[in-house]
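Worksheet: the structure to be examined is printed underneath.
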Amino acid sequence: MAPKDKNQGKNQLRVGRLVKAHGLKGALKLELYTDNPERRFVPGAEFTLQVPEASPWHGKTVTVREYRVMNGNPVVFLHDVDDRTAAEGLVRAILWIDHDASEVEENAWFDQQLVGLDVVRDDVVIGKVLRVEHFPAQDLLIVSPSAGSASGQEVMVPFVEAIVPTVDVAGGRVVVTPPAGLFEELPDAAEEDAAADEAD
């Protein structure tokens with residue numbers, strides 16, 4: 001019988017990503033996914049790590065020793081990360097925290113809240129959210145296009161404010177402003193060139 005994942009059944013919220021080692025004493029610069037880092041990164045706060053399976057940190061947690069802003073950048077010191085070498089082993093790790101569902105934080109959603117939402121462009125439903133994929137660089141909404149779509153295949157939509165400006169969980173939808181070609185096939189460049197040649 002497979003061991004039960006210790007986070008199974010818990011609500012977890014992604015709150016940051018460790019982007020680079022800072023200095024020689026184990027500090028790490030943070031990319032924040034929380035509106036309230038001073039409350040999230042208090043000494044003693046414990047985070048679950050999302051790292052590749054090959055990482056020695058896989059399956060482990062880290063505990064905050066100190067959080068501060070240095071030269072305008074959020075920086076965190078963690079227990080048992082005492083030098084630059086140890087810190088570099090955690091670069092690109094994503095930090096998750098057990099989350100009380102009664103707490104509401106702006107621009108933070110659980111995956112299960114997003115799955116099944118209609119995807120709307122220009123007031124027209126163009127698909128449904130199938131799942132959310134979390135990657136070190138950014139998250140992706142995996143969308144099943146509506147029937148009649150040219151591609152018919154799953155569409156990967158970068159989950160960034162420029163492309164997904166509105167998430168309306170209560171209204172059952174996300175509004176997207178995708179770049180040209182994300183949900184429809186653009187005319188083939190070779191065909192356009194041929195048409196241009198004929199016009200000359």
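Bear in mind that the values in this text are calculations on the coordinates, not laboratory data. Note that this is a predicted model, so its numbers are computed, not measured. Reconstructed Cβ throughout: ideal geometry from the backbone, glycine too, with neighbour counts over all protein chains shown.
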Tell me, K29, K20 in order of fewest to most beta-carbon neighbours within 10 Å?
-> K20, K29
Between R131 and residues 5 or more places away or on another chain, the pairs with built amide H atoms under 5 Å apart involve I142
With θ set to phi - 60°, apply the Karplus curve 6.51 cos²θ - 1.76 cosθ + 1.60 along segment 109-125 and write out the HN-Hα couplings as whole Hz, x wherever there is a Gly or Pro.
-> 9, 7, 3, 5, 6, 8, 5, x, 5, 5, 9, 10, 10, 6, 6, 10, 6
Can you list residues whose amide H is under 5 Å from A93's amide H, if they're 5+ apart or on another chain and H is modeled 1.01 Å from N?
-> L18
Given the pairs K20/K128; K29/K60; K60/K128, which are separated by over 24 angstrom at their Cα positions?
-> K20/K128; K60/K128
